[in-house]
Structure formats: C-alpha cells, structure tokens
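These notes concern the structure reproduced below.
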Amino acid sequence: MAYRIRVVAVGKIRQSFYKDAINEYLKRLKPLCRISIDEIPESGDPETEGKKILKALRERDFLIALDERGEMITSMGLSQKLEELFVKGREPVFILGGIKGLSEEVRKRVSCVWSLSRLTFTHELARVILFEQIYRAFKIMRKEPYHY
C-alpha cells in the first residue's frame, strides 16, 4: 500500500461520538491508505500552536491547511488532487488549527488553503468531515459507488 496521508490537528477528540465516527472512517480507510494523526496540544494561541505544527512537518510534505477562509473544493476536486499527489509520490498533510485558527507562519508555509464549508465547525467535527471526505475521495478514485 503506497498511499499515505497525514493529519496534523490542534486538540484532542473528547466526545465519544466524534471518536466513534472518526474510528469508523479510519477502519474504512485502512485497506485504502495509511493515515497518521499528529495531535498538537491546544493552547488557545495560534502562534504557540503554529510553532508546534511547524515542528511536526517535513520539507517534502504537500501541506494543505483547512480554514473557513480557504478555497472551496468539491469532493471530486479533492479526489483528483489526492490522485495527482499520489501519482507524483507526494504525501498530503492536512492541517487543522485550533479554536482561533492557524498562525500566519503556518499559512505562509502551506501549499494551499481549503475550506470544508463556509460554515464554522468545531475542530472535532471538522476532523470527522475531513476523514469522511478522504474516504469519499478514495471511493471516487476507485470508481466505486459512494459519490452520487
């Protein structure tokens, strides 16, 4: 299995129903790719969190920040971008900030900034949505029924 995805996220998942949903998508994704999650401790200060996020990154990573002010991307667009990265041998790294968002230092370092929605979600729900969309992207790539 050559496909690898990393998620660097500020904060832990505390609510069991979010954990259950995330674990369900991780289980579904297991035969499709390897996903690793780096959790950065919450401090409430984007600059402090940003320094820790940057330490977790590697030079070769393709960095995708998720932010409500980012570019809207469709499920089909996500699927196409992931497939393009995999063909090039790149590892996508999704970055989810804390309650006050991402530091400017992190935003300057990323390759792109995408929005999951114009609505604002808790970081826990955003992580569930991200994993669901990654799963959907793989189903689209494999031309399997999931995207209608």
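Observations
- Summing charges over neighbours of TYR3, with a neighbour being any other residue whose Cβ is under 10 Å away from its Cβ, gives 0 when K and R count +1 and D and E count -1.
- Between 0 and 90 degrees, the angle of helix 123-141 with respect to the longest Cα principal axis of the chain falls at about 30 degrees.
- Whether the range 59-112 is rounded, prolate or oblate, judged on the alpha carbon gyration tensor where a/c under 1.5 counts as rounded: oblate
- Lys, Arg +1 and Asp, Glu -1 on Cβ, resulting dipole of the range 80-148 about Cα centre, debye, nearest 20: 120 debye
- The chain - percent of accessible surface contributed by carbon and sulfur, probe 1.4 Å: 51 percent
- For the range 35-148: relative contact order, % (alpha-carbon pairs under 8 angstrom, 6 or more apart): 35 percent
- When the helices of the chain are scored as -39500 (n - 2.57) per DSSP H run of n ≥ 4 and the total is divided over every residue, the value at 222 nm lands at -13000 deg cm²/dmol.
- Counting only alpha carbon atoms, the long axis of helix 46-55 and the longest principal axis of the chain meet at about 50°.
- Between 0 and 90 degrees, the angle of helix 16-29 with respect to the longest Cα principal axis of the chain falls at about 40 degrees.
The values are calculated or read from the model by the stated rules, or taken from the named source; none is laboratory data. No experiment lies behind these values; they were computed from the predicted model shown. We place every Cβ from the backbone using ideal geometry, glycine too, and count neighbours over all the protein chains shown. Ligands, DNA and RNA are stripped out before the accessible areas are found, and what is left, the full protein with its side chains, is counted by its heavy atoms. Shrake-Rupley method; radii C 1.70, N 1.55, O 1.52, S 1.80 Å.
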